[in-house]
Amino acid sequence: MNMIWRDLIQRLIFISLTGLGVLGNIILFVRHVYTLRGPERKNVDVILIHLAFVNIIIIHCIGVRDIATIFHYRNFLGDIGCKTIIYLERVARGLSICTTCLLSVVQAVTISPRTILCRKLKPQTAWQGLPFLLLFWIFNSLISSNLLHYITVASSTNRSEVWMYTGYCCMLPSTHTVRWLFLSLMALRDVIFQSLMGWSSGSMALQLYKHHTRVLYLRSSRFANDSRPEIRATHSVLSLMTCFLFFYWADFIFSFYTGSTVTHDSTILNIKAFLVLSYAVLSPFVLIIRDVHVSKH
């Protein structure tokens, strides 16, 4: 009975998160597509559109996996379906990291002092981020390519010899060299991009502190309540960074653990899926709520 209630609560949580995540990311996507087509476009619109799109991919991939497992559709995915869903989820996870990093770096450069270097690095149009996004797709597609070979449907294998992704998708055993090569590439990507996010977040926090210090010297409340749009937008990006760091460092630890040890523990796999899903669900609402707050001032 306890197991039945636990499974029911787990299914309700995942279904609720999936619904909220799809809704939030569609709102964020449409909002910035509309802004991009108007006269008030910002240099981060394309990046935010891409982030929303990547989040939708993550949510749908996890959602399809859960539907197949919850409702016991053994032949729903098949071998090609398992490869496609797991591969897209891994690629989208990497794209989420890279896109969030690009967003934070662009915002940090935008509010930095108007030095010659910052003027050169600052994107002048929203479309200048497209080459970086294309490179992110190529890079993450390559470092996840091993999944296309090792992922298969669980019904065709001996479950005692594989690492279970879900009830019906699994990863075949790989050589020690191959396993650690791709884990090392994944770890290197996470460390590099999260280090860049740490630098940009620290830079933004420093600029916000300097701005706050200058405001304190102003006697008039009219000026004390005033701030540049770039400064207000920075609060939104910093909130997103906090959300990102919490979920993705936890996810990285679980990913490294499950990748280096062949595990069948469904609890660990469910926690990992919850961590990946949570950021994709919460990030659009962090941005939307902050945008609504800013628009009222």
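The values are calculated or read from the model by the stated rules, or taken from the named source; none is laboratory data. Note that the structure is predicted; figures quoted are calculated from it, not measured. Cβ sites come from the backbone with ideal geometry, for glycine too, and all protein chains shown count toward neighbours.
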Of the residues that make up the stretch 67-89, is at least one in contact with a Leu (Cβ under 7 Å, 6 or more places away or on another chain), in a helix (DSSP H, G or I), modelled with pLDDT of 85 or more and closer than 28 Å to residue 236 by Cβ?
no
Within the stretch 90-124, restricting to residues that are of a type in the set (S, T, N, Q) and not in a loop (DSSP other than H, G, I, E, B), the one that is modelled with the lowest pLDDT is 110
So, first residue closer than 19 Å to residue 238 by Cβ in the stretch 274-289, second residue surrounded by fewer than 20 Cβ atoms within 10 Å (Cβ to Cβ) and of a type in the set (Val, Ile, Thr), Cβ within less than 8 Å, six or more apart or across chains; the pairs are 284/27; 288/27
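Is the stretch 25-39 home to any residue that is crowded, with 16+ Cβ neighbours inside 10 Å, at pLDDT below 75 and either within 21 Å of residue 104 (Cα to Cα) or among the acidic types (Asp, Glu) (or both)?
No - not one qualifying residue is present in the stretch 25-39.
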Can you say whether residue 286 is touching a Gly at 6+ places or on another chain (Cβ under 6 Å) and modelled with pLDDT of 65 or more, as far as the supplied structure shows? no
Note on the stretch 168-202: residues assigned to a helix (DSSP H, G or I) and touching a Lys or Arg at 6+ places or on another chain (Cβ under 9 Å) are 186
Residue 22 meets each of (1) within 24 Å of residue 278 (Cβ to Cβ); (2) of a type outside the set (Lys, Arg); (3) modelled with pLDDT under 90 with one exception, condition (3)
query = Has the stretch 203-226 got at least one residue that is modelled with pLDDT of 80 or more, within 30 Å of residue 63 (Cα to Cα) and part of a helix (DSSP H, G or I)?
reply = no
